[in-house]
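Here is the structure we will look at, set down as structure tokens.
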Amino acid sequence: MATSPAARTRSGFVVARVLLVDYLLFVGFTVWLPATISAKVTGLVGILAKWIAARGIADYYSSAVVLEFLANVALFVPIGLLLALGWTRLRLWQVVVVGAAMTVVIEAVQGFMPSRSPTISDLIANTLGTFLGAAIVAVVILLLEVPRPEESRRLIA
């Protein structure tokens, strides 16, 4: 028996929401572990910064700062994607506000952790990542010219 487009759309929302919960658990695990433990998860930034410095492309510190910023952007792209796919009634700016609010919570909690420190650059990077993820969904909807329910078009406006 064929599934109706509305049923497929609803199941897509559910999948996006379930994946978002799973991904948020991963993000929480990554950002709230003590820095010494989370370095095992995020150590790739240091490895890449050393590689860049060893080749004389840029010094270690500059490389690490840029790579950490880019890693934070990348960390939040899936959040923007999944929010936009799971809650199609949200406009692009609303998805970005949700991502920024999540980051404020993350940074506030990190302010109370002895081995962590909140930073404005994380807020900027995470918000940018959320925007990029939601923008990807909006662009794909436009490019595919998929006839979507009115609620799905709100993301674009």
Item to check | Which numbered condition VAL105 fails, given (1) at pLDDT below 95; (2) loosely packed, with under 13 Cβ neighbours inside 10 Å; (3) not charged (D, E, K, R) | outcome: (1)
Next on the checklist: Quick check on SER63: is it surrounded by fewer than 17 Cβ atoms within 10 Å (Cβ to Cβ) and either outside any loop (DSSP other than H, G, I, E, B) or of a type in the set (S, T, N, Q) (or both)?
Outcome noted: no
Item to check | Among (1) under 23 Å from MET113 (Cα atoms); (2) at pLDDT 85 or above; (3) of a type in the set (Ser, Thr, Tyr) - the single one THR36 does not satisfy | outcome: (2)
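The values are calculated or read from the model by the stated rules, or taken from the named source; none is laboratory data. Everything numeric here is computed off the predicted structure, so don't read it as measured data. FYI the Cβ positions are ideal-geometry reconstructions off the backbone, even for glycines, and counts take in every protein chain you see.
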